[in-house]
Structure formats: structure tokens, C-alpha cells
Amino acid sequence: MKVDVEKSFVTPLPVFIIATYSPEGIPNAMNAAWVGQVGRDMISISLGNHPSTENIKRNRAFTVSYATKKYTAECDYVGIVSFNKEPEKLKKAGFTVTPSKKVNAPIIDQLPVAIECEVVDIMQEYGETRVTAKIVGMVADDSVLTVGKVDLTKLQPIMYDSSAKTYRLIGDNVGGAWNAGKKFM
């Protein structure tokens, strides 16, 4: 029997680390789970009032890295500590950065996959800032590739479980897309 629960939720929510440069050129990053893909080559992010939001508005560029099991604590830290209070939070977390070759934003060296994005649109809606950006590049460490493609088993990305307020590991392959349902044909 189904019963009413206190709050609805949408899951899974991938945990992404959004990296930008401050006006002084200092690398900054934040943890964001309200991210979605729009078509084949665009991404949409819902952001609150953060230094990263202002950096995105100013620079019109950012990178998005997948948070991973190995770096769960570091990725959580950059989400709970504001750049305004700790401008060296990336260093404190043990992260180093390399400038993106395609956009004016840093790539976090320790996180194996980064998506390079150029802002297309910024809208204020529902008390949040929605950023839509074109994906102009992606870099991946060869340790997470299988036959030239990102292998989620090797990457071990984490998701945010908004119901339990916890991070979970994205799990096993359970069936082929556009294939598993063929048994009903």
C-alpha cells in the first residue's frame, strides 16, 4: 500500500563541481546537484546566490567536473564552505587546477572528467539563477576510459540522494539502452 510522505524528491541527482575564476583570477569551485543536460550539447544549472554564480555571470564560462567516490569529502567541502569565507578552499581540500584550453575557467586536476562550458543564457526564476551553457569540450583522465569512452564503473561518480540527504555511488549496469526492452517486441 502506498502512503503519503512528507516531501517529494527527484533522484538521482549527479553531483557536479562547478569551477570558475574570481575577478582576481583565483580559482573557485562549488558543489551543485541541480544540473541537467539539455539536448546533446547543452547543460542547465540552477544556482543560488554564490560567488560562483557571480563568476559565471561575469566570465560567461565554467567547467563542470563529476564528483567521485574517491573525492567525496573534498567535493562536499567545496560545497559547504563559501569562497567569501575561505578563498583558498580548493587548496585546503587538496585540489590543484589547470586552466581550460577552451573556456576561461579552471579544471580541477584530481577529478577525472571535466566538461568545458560557455554560457548561452542566464535567467532569474523561482528565486534561483538558471544558467544554460553550451558544452564546448570535455577532458578525461585516461584512467577512466574504456575504448576511448568514459567508463562510469572506473569513474565512480556519486549522486545526491535528496530524500536521505546523503551521497550515493552510481551503481552497476542493469541493461542496454534501446535494447533491454526489445524482449517485448
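Under 5 Å between amide hydrogens, built in the peptide plane, is the criterion, and for VAL136 it picks out GLU116, CYS117, GLU118 among residues at least 5 positions away or on other chains. Look at the dipole of the range 13-184 built from charges on Cβ: of LEU145, THR53, ILE18, the Cα furthest out on the positive end belongs to LEU145. Think of it as helices only: each DSSP H run of n ≥ 4 in the chain is worth -39500 (n - 2.57), and spread over all residues that comes to -3500 deg cm²/dmol at 222 nm.
Net charge within 9 Å of ILE158 by Cβ-Cβ distance, Lys/Arg positive one each and Asp/Glu negative one each, not counting ILE158 itself?
The answer is +2.
For the chain, what does the accessible surface come to per residue with a 1.4 Å probe? Please give it in Å².
61 Å²
Shown here: Cα extents along the principal axes in Å, derived from the displayed model; of the candidates (1) 51, 32, 30; (2) 47, 42, 29; (3) 58, 45, 31, it corresponds to (3). Quick check: at a probe of 1.4 Å, how many percent of the accessible area of the range 13-184 sits on carbon and sulfur atoms? Within the range 13-184, the accessible surface is 53 percent carbon and sulfur. Peptides 169-175, 31-37, 74-80 ranked from most to least packed by the mean count of surrounding Cβ atoms within 10 Å: 74-80, 31-37, 169-175. Among the trypsin sites (Lys or Arg not before Pro) found in the range 33-88, those both in a DSSP coil and sparsely packed, with 13 or fewer other Cβ atoms within 10 Å of their Cβ, are ARG40, LYS85.
Once C-alpha pairs closer than 8 Å and six or more residues apart are averaged by separation and normalised to the residue number of the range 13-184, the relative contact order reads 24 percent. When you filter the chymotrypsin sites (Phe, Trp or Tyr not before Pro) in the range 99-184 for DSSP loop state and at most 14 other Cβ atoms inside 10 Å of their Cβ, you are left with TYR126, TRP178. Near ALA105, the amide H atoms lying under 5 Å from its own belong to SER100; only residues 5 or more places off or on other chains count, and H is placed 1.01 Å from N.
Here the 3J(HN,Hα) profile of the range 168-177, calculated from phi with Karplus coefficients 6.51, -1.76 and 1.60 at θ = phi - 60°, is 10, 7, 6, x, 5, 6, 10, x, x, 5 Hz, Gly and Pro shown as x. For SER22, the shell of other residues with beta-carbons less than 10 Å away shows a net charge of -1, using +1 for Lys and Arg and -1 for Asp and Glu. Relative to the Cα centre, the charge distribution of the chain, modelled as +1 at Lys and Arg Cβ and -1 at Asp and Glu Cβ, gives a dipole magnitude of about 320 debye.
Coupling constants for the range 59-73 follow from the phi torsions by the Karplus curve (6.51 cos²θ - 1.76 cosθ + 1.60, θ = phi - 60°), and in residue order they are 7, 6, 7, 6, 10, 10, 10, 6, 6, 10, 3, 4, 10, 4, 5 Hz; glycine and proline get x.
The values are calculated or read from the model by the stated rules, or taken from the named source; none is laboratory data. The structure presented is a predicted model; accordingly, all values stated were derived computationally and were not measured. Every residue, glycine among them, receives a Cβ derived from its backbone with ideal geometry; neighbour counts consider all protein chains shown. Keep in mind that these areas ignore ligands, DNA and RNA; they rest on the heavy atoms of the full protein, side chains included. Shrake-Rupley method; radii C 1.70, N 1.55, O 1.52, S 1.80 Å.
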